[in-house]
Amino acid sequence: MGTLNKKILRDIWKNKAQFITIFLMTFLAIFAFAGIHGYMDGMTYSSRVYYENQNLQDLWITSKNITDEKLEEIKKLDNVKNAERMITINANVIDSERFINPLNNEKISDLVLECNFIETNEINKMYLIEGEEFSKDKKGLWLDYYIAKNLGIKVGDDLELSIEGSSFKEKVVGLIEVPDHVYFIKDDTAIFPTHSDYGFVYLSIDEFPSNYIYDKILKSDEMKDAIDNLKELKNKLKDYGITDYNSIPSMITNSIDGIDKIDLTKALELVDDYDNNKQEFIEAMDKDFNIKDSYIYPYGIVDVENVNKIDDVKKDIKDKIEDIVTVTAREDNISYSGYQREAEEGETYSGVFSGLFVFIAILSVVTTMNRFVKKERTQIGTLKALGIKKYKITWMYVSYGLFIAIIAGILGIILGNIAIGNTFLEMEMEYYEIPYYHITTIPLVYYVTISIIGVITFVTYLSCRKVLKEPAAEVLRIERPKVKVRKNGITTKKFFNNLSLSTKWNLRDIGRSKARTLMAIVRNCRLYNACSYCIWNVRFNKRIYGLGI
Amino acid sequence: MEKIVELKNVSKVYKIGENEFKALDNIDLSLNKGEMIVILGPSGAGKSTLLNLIGGMDTPTSGNVIIDGENISLYNENKLSDYRAENVGFIFQFYNILPSLTVKENVDLVKDIVKNPISTEEALKGVGLEKHIRKFPNQLSGGEQQRVSIARAIAKNPKLLLCDEPTGALDSKTGVEVLKLLRKQCDGNNGANTVIIVTHNVLIADIADTVINVKNGKIESVVKNENPKNIDDIKW
C-alpha cells in the first residue's frame, strides 16, 4: 500500500465521526433509493413475467350474453388471438362458521367465493400451486390459494356452496393463483384484500349448478303463465272426468300453442309437484330442452395479437358484436391497475428520501471537507513542498469522499435490497397474489448510485480546490482569520456589548461562517420537512383508507 | 566557485486585501555550491520569502531565479513540483512531518517522488533514529521530530537543503545536534550539497561559510566567513 493511501486510511479513522456522517448520509440515500426501487421494480418485474407466462387477457368484455356464435365472431376479428367466455357469480359457503378468520380469530359468519365457470383456460391461465391441472371434464373446484392458506382448506376438502339458494357441493381439486385476481377485493369500499372472508374459485362450466338454471326458468314469467295454464287445464280435465292424461281428446290438445314441443301427459302429472321434479318437469314442458342453451355468459376475455392495435380491437368488438355492454383494457381493470399503482407508489418515497439524504450528505461533505482541509492545510503545504504533484494531492483528498461514497454505494445497494426491498416485497405480497416474485435492481439504481458517488466526489473536490490551488509557500503560511470590521456591523452596536461573551462569540462566528450557518439551517429544515411529510402521509393514508384518526 | 543560486532583479509583492506589501525589493544575489549559507534578518525582513523563491515554493513578481543554470521563475506549477522533488529538501521550524504516518513512512514518502533516493534506513541511521522507525510523531520529542524532518529531506539527496528556522523551536543542546546534521549534509557528497539556513539567531551565523543579512526586503550585506566556528562552540 502506498504511503499516501496509509495516510488516507489513518486520517479517515482519526476523523471517523465526520466521515461516518458522510458515509451514513450517502449510504442512507442509496439504501433508501435501492431498497424502495428493489421492491417496486421487483413488483413490476414479477407481475410482468407472471402476466406473460399466464397470458393475462388484454381485454375484458361484458355483454348481455356471449353466445357460441358471438364468441366465434369475436375470435375471427382482426388482431384477436383468442377469446374465452365465462359465468362469474358469487356463492356463499354453507357452514362457513367452521372457518376461523386469522385476522381477528373469530368464526367467519359469511364466507363468499366468486365462482368462475369456464370452458377453456388458454387465456388468464391458472397458476397451480397444488393439486390437479384444470380440465373442463374434471369435477371439483380450483380454489384461491391465499384464502385456502388462511382458512386451512386443503386439496380434497369438500365445500358446499349456495348461489341464490341453489346449493351444490364440490371437492377442492387444486389451489391456484390467477393473473387477473392479483389484487382481489370484495367491493369498491375495500382497500386491501383480506383473503379471509372473500376469495375466488374456478370450475368447469359443466359444474354450473343446474338447480340454479331450473329455478331461474321456473321463476320466469313465461313459465309461470305456462304452469298456471297447465293447472287450469288439469282442473278442467278433472271436471270432465278425464284422469288418464294419455287419452286427452285432440280437440283439447290442438288448442294448446306449441303442443308438439310439450310432453303434455308428463307435464300434467308433474305440475302439482314440479318443485321436487324440476328437471323432469322442465324437460316435459320443452322436449328440446338442453340446459347448456340456458347458460348466460356475461363475461368474456380476449387475447390480442398486437397490443398496439388494441383500440382498433376494442372498437371492432363494440361495433361488430351485438349486445356488448363494455370493453375495457388492462388499465381499467381493478386488479391490474391497483397492483400497478401500488408498485409505482414507492417512486415518491424513493425520490423524497434519497433526495433528502443526498442533500444532507452533500452538506456534510462540504462542512466536513472544508474543516478537514483547513486542519490539513500545513500537511498539504508540506506535501507540495516535498514536490508531490498537485493532481496526486488532489486525488488523495478527493479519494476521502470517493472511497466513502463507493463503499456507501455498494453497501447501500446490497443492504437496501435486503432490508427494505425484501421486507417490503414480502409485506406487499401478503396482499397481492403473485406466485413468484423477487426484488429487482434496474440499471437506473446503478446510474443513480454512480451519480451520487460522482456528486459526493465532486463536492469533495470543490471543498479542497481552493487550498490545493494556492502555491506551496502560501499554503504553509498561517491562514489569516477573516474578520471584517464594519462601521454599521452588529459588533459595534451598544447593545451588543452588553451581551455575554459566549453570545457575542456565537454571533460573530455565525457572521464569519455564513455559508455553514445557512447549511445548518437548511439541513435542519429539510429534516423537519421530511418528518412532517411522513406524518402527513401516514395521517392522509389513514384518513383515506379509513384506518383510524 | 560554481554558482548554485543566482537571483537577478527579483521582487516579490504580496497583496493583502487592497494593500500591497513588498517582501523582496529588486534584489540580486549569488550563492556558491557546497556552502553552508545563513540568511539573517528580523521578522518580516523577507528571508523566508527569499528561501521560498529559491526552493520553488513561490514565484517572483518580477526578476529571475536561476538554480544551477536553470531559470525556475519561468517554470509552471508542474515543473516547479518536479524541481522541488528532485533538487530541494525542506526543513521547517515546526518540523511539518505528517502526524498520521510513522517515522519510517514519513521518510518513505520521498520514495514515491524521487528517482534516486537514499534508502529510508540509511537516512534514519544518519540522524540517529533507526530505533524509532515505527513510532508516530506524537511519540517523539521536538528534537527527534526535527531529525525525522532532516532524514526526510536528506533522503531525497537534494542539491539544496533549505532550512527555515530549523532550531527555532528547539533548546540549545538539541539545536546544536540539528546543526551538526546540517553541516554533515553540507560536507557530504564531495561538497556538491548546499545548505541554506534562514534564522534570526545571530549565533548560528558563526558556523556559516556565507552570511547574508536581509532587511526590509533588500540584501543588506553578504559576508564571507573565512573561519567558521565549530558547532560545539556555540550555544544559546
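The values are calculated or read from the model by the stated rules, or taken from the named source; none is laboratory data. Treat the numbers as computed from the prediction; the structure is a model and nothing was measured. No Cβ is skipped: glycine too gets one built from the backbone with ideal geometry, and neighbour counts run over all protein chains shown. Areas reflect the complete protein model, heavy atoms only, side chains present, ligands, DNA and RNA absent. Shrake-Rupley method; radii C 1.70, N 1.55, O 1.52, S 1.80 Å.
When B and A come together, around 2300 square angstrom of accessible surface is lost from both chains combined, probe 1.4 Å. Note that the range A:343-352 has calculated 3J(HN,Hα) couplings of 5, 8, 4, x, 3, 4, 4, 4, x, 4 Hz, one per residue in order, obtained from phi through the Karplus relation 6.51 cos²θ - 1.76 cosθ + 1.60 (θ = phi - 60°); glycine and proline are x. What the Cα convex hull of the range A:315-416 gives, in volume per residue, is 156 Å³. Judged by the ratio a/c of the largest to the smallest principal axis of the C-alpha gyration tensor, the range B:99-208 counts as oblate, that ratio being 1.5 or greater while a/b is no larger than b/c.
At full extension, A:Thr243 and A:Asp288 could sit 13.6 nm farther apart than now, given 0.36 nm per residue minus the alpha carbon distance. Across all directions, the shadow cast by the convex hull of the range A:134-230 built on its C-alpha atoms averages 8.4 square nanometres.
Accessible area per residue for chain A is 53 Å², calculated with a 1.4 Å probe on protein heavy atoms, without ligands, DNA or RNA.
Legend: mean number of C-beta atoms from other chains within 10 angstrom of residue C-beta atoms, peptide A:205-215, equals 0. Computed log10 I(q)/I(0) for chain B at 0.11 Å⁻¹: -0.54, from the Debye equation with unit scatterers placed on every C-alpha and solvent omitted.
In order along the range A:382-389, phi translates into HN-Hα couplings of 4, 4, 5, 4, 5, x, 6, 5 Hz, rounded to whole numbers, per the Karplus curve 6.51 cos²θ - 1.76 cosθ + 1.60 with θ = phi - 60° and x for Gly and Pro. For the protein assembly as shown, give me the percentage of DSSP beta bridges that are antiparallel, rounded to the nearest 5 percent. Just about 70 percent of them are antiparallel.
Working note: Cα gyration tensor of the range A:201-281, eigenvalues times five, square-rooted, sorted largest first, giving semi-axes of 30, 12, 11 Å. Remark: the Cα gyration tensor places the range A:146-200 in the oblate category, a/c being 1.5 or greater and a/b not exceeding b/c.
In whole angstrom, the range A:316-358 maps to an equivalent ellipsoid with semi-axes of 40, 8, 5, each derived as √(5λ) from the alpha carbon gyration tensor and ordered largest first. A Cα-only calculation for the range A:1-73 places Rg and Dmax at 28.1, 85 Å. Could you tell me which of rounded, prolate or oblate describes the range A:12-130, using a ≥ b ≥ c as the square roots of the eigenvalues of the alpha-carbon gyration tensor, with rounded for a/c under 1.5 and, failing that, prolate when a/b is larger than b/c and oblate otherwise? Here the range A:12-130 falls in the oblate category. Shape annotation for the range A:103-163: C-alpha extents along the principal axes are 38, 26, 21 Å, from largest to smallest. Our coupling estimate for the range B:5-10, obtained by passing each phi through the Karplus curve with A = 6.51, B = -1.76, C = 1.60 and θ = phi - 60°, is 10, 9, 10, 10, 6, 8 Hz, Gly and Pro reported as x. Expressed as a whole percent, the accessible area of chain A that falls on carbon and sulfur atoms is 53 (1.4 Å probe).
Amide H contacts of B:Leu161 (H built 1.01 Å from N, in plane; Pro and chain starts excluded): B:Gly89, B:Thr194, B:Val195, B:Ile196 sit under 5 Å, all sequence-distant by 5 or more or on other chains. For the peptide B:76-84, the mean number of other protein chain Cβ atoms found within 10 angstrom of a residue's Cβ is 4. So who's got an amide H within less than 5 Å of the one on B:Lys218, skipping anything under 5 residues away but keeping other chains? H placed 1.01 Å off N, in plane. Correct list: B:Asp25.
Extension gain, A:Glu52 to A:Lys315, is 92.3 nm, computed as 0.36 nm per intervening residue step minus the present C-alpha separation. Comparing B:Asn76, B:Asn216, B:Asn96, which has the greatest mean-square fluctuation in the GNM of chain B with Cα pairs linked when under 10 Å apart? Greatest mean-square fluctuation among the candidates belongs to B:Asn76. Distance between the C-alpha centres of the range B:86-127 and the range B:1-68: 25 Å, rounded to the whole angstrom. Solvent exposure of chain B, expressed per residue, is 44 Å² of accessible area, with all protein chains present and a 1.4 angstrom probe. The largest accessible area among A:Tyr446, A:Tyr183 belongs to the first residue in A:Tyr446, A:Tyr183, and the rest follow in falling order (1.4 Å probe, all chains).
Compactness of the protein assembly as shown is given as radius of gyration and Dmax, 47.1, 167 Å, from Cα positions. The accessible area of B:Glu226, taken with all protein chains in place and a 1.4 Å probe, comes to roughly 150 Å².
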